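Please read the structure below before turning to the comments.
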Amino acid sequence: MNSEAEILKKIDVILEEALKGLKNSRNLTELENNFKVFSGKKGELSLILHSIHSFSPEEKKNIGSKSNFAKKTIEDAYLLRKGELIAVEKSGKAARFIDLTIPGPSIEKIHAHPITAVLEDTVSFFSSMGFEIVEGPEIETTYYNFDALNIPANHPARDVWDTFYLLNGLVARTHTSSVQVRTMERKKPPLRVIAPGRCYRYEAVDATHLFMFNQIEGLYIDENVRLSDLKGILEATVRHLLGAKKTRFRPAFYPFVEPGLDLDIECVFCGGKGCGICKNTGWIEVIPCGMVHPNVFKYAKIDPDKYRGFAFGMGFDRIVMLKYNINDLRYLYQCNLDMLTQF
Ligand code: PHE
């Protein structure tokens, strides 16, 4: 007949052996067998409990609680090893559950959206020339979007910039030029600012038109700003952004500038020979610009006899298309990773 102390010791031994056996089981069958030996109905632990009926209640209690603890510990070890073996079987790999030295899955390198990348590049380029960044609202009054830009209510130019009118009389701004007068009201010249942001037009969407797009407005005002400053700065801009070597300025009409111009670059797709994209002209229009109209100065309460300035408004979705050779504007807004990760 074993004493209480002997039985308790025996439980310790069973527990130790069981844990070793379970841990070393190399497959599920082995595991099940080992588990049965120690813990099943006919396992060693149960046999011990059957042999203690002659013990005192106090002794039974001690042995019972120790064997329950052992049973629970063995069950836990069994379940843990079972999980490991199932995982190993599934992955068909060697029996090693967690190996902290295995390098983790590689994290894909990410980068900014092409529009953001070009925007950041443009902003830092202009910052390097002393231009400050300003912003204005996308939902704008007709005053800042049209009137203050020398486009009165009855002027046909409002048709060119048709947009979404809100019920309260505000509009989705058609260009970042609306930030011009807002800025001049707040800051007195000399001033050098760029205003990037979203603009809206009443357009049927196709490869080269969207009802929402991005522009960067530029405004430079001082006592002696001349057309040659405009030319120098904008030529440097297209050289920086697009590597453009050949450029030309054409006269153009925008009510808020006089004279008004369009800056063209030699077509980057055909090298000036003429192709579908440049409509066989060999040139692509990139930056509308001009010298600030005296009427705009008057709206902004700046003396047109004292100050001069130039303004430009470049659609930078367009710049992104040219830079990365993308032939459909809509790709830029589809959030398609196959497309975006190419850049
Ligand atoms: N706001 C004009 C447009 O969106 C572009 C422009 C800006 C032209 C500044 C001249 C000067 O079409």
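The values are calculated or read from the model by the stated rules, or taken from the named source; none is laboratory data. Bear in mind that the values here come from a model prediction, so they are computed numbers and not experimental data. All Cβ positions, glycine included, derive from the backbone under ideal geometry; neighbour counts span all protein chains shown. The protein model used for the area step is the full one, side chains on, heavy atoms only, and it has no ligands, DNA or RNA in it. Shrake-Rupley method; radii C 1.70, N 1.55, O 1.52, S 1.80 Å.
What to note about this one:
- Pairs where the first residue, in the range 300-326, is more than 16 Å from the ligand (Cβ to nearest atom) and the second is open to solvent by 10 Å² or more (accessible area, probe 1.4 Å) and aliphatic (A, V, I, L, M), C-beta under 6 Å, 6+ apart: Val320/Ile115; Leu322/Leu242; Leu322/Val268; Lys323/Leu242
- Some residue of the range 255-265 being assigned to a loop (DSSP other than H, G, I, E, B) and more than 32 Å from the chain's Cα centre (by Cα): yes
- Here Val268 fulfils each of the conditions (1) farther than 30 Å from Asp305 by Cβ; (2) buried (at least 16 other Cβ atoms within 10 Å of the Cβ); (3) in contact with a Phe, Trp or Tyr (Cβ under 6 Å, 6 or more places away or on another chain) apart from (3).
- Taken as a whole, the condition of being in contact with a Gly (Cβ under 8 Å, 6 or more places away or on another chain) and basic (Lys, Arg) applies to Lys36.
- When the range 272-289 is filtered for residues that are in contact (Cβ under 8 Å) with a residue 40 or more places away in the chain and either open to solvent by 30 Å² or more (accessible area, probe 1.4 Å) or under 18 Å from Phe256 (Cβ atoms) (or both), the ones remaining, listed by number, are Ile277, Ile287, Cys289.
- Condition check for Glu235 on (1) assigned to a strand (DSSP E or B); (2) over 22 Å from Val296 (Cβ atoms): one failure, at (1).
- Within the range 173-224, if we keep just the residues that are within 20 Å of Ile326 (Cα to Cα) and of a type in the set (Val, Ile, Thr), the residue that is modelled with the highest pLDDT turns out to be Ile216.
- Candidate set: the range 243-254, residues that are under 21 Å from Asn280 (Cα atoms), open to solvent by 60 Å² or more (accessible area, probe 1.4 Å) and not in a strand (DSSP E or B); chosen: the one nearest to the ligand (Cβ to nearest atom): Lys246
- Every residue from the range 52-70 that is in contact (Cβ under 8 Å) with a residue 40 or more places away in the chain and surrounded by 13 or more Cβ atoms within 10 Å (Cβ to Cβ): Ile52, Phe55, Glu59, Asn62, Ile63, Lys66, Ser67, Ala70
- Answer from Ala148, Ala153, Ala157 - the residue that is open to solvent by 40 Å² or more (accessible area, probe 1.4 Å), assigned by TED's automatic domain parsing to the domain that holds Ile216 and of a type in the set (A, V, I, L, M): Ala153
- Condition check for Lys231: farther than 28 Å from Asp159 by Cβ, within 35 Å of the chain's Cα centre (by Cα) and either open to solvent by 60 Å² or more (accessible area, probe 1.4 Å) or of a type in the set (Phe, Trp, Tyr) (or both): yes
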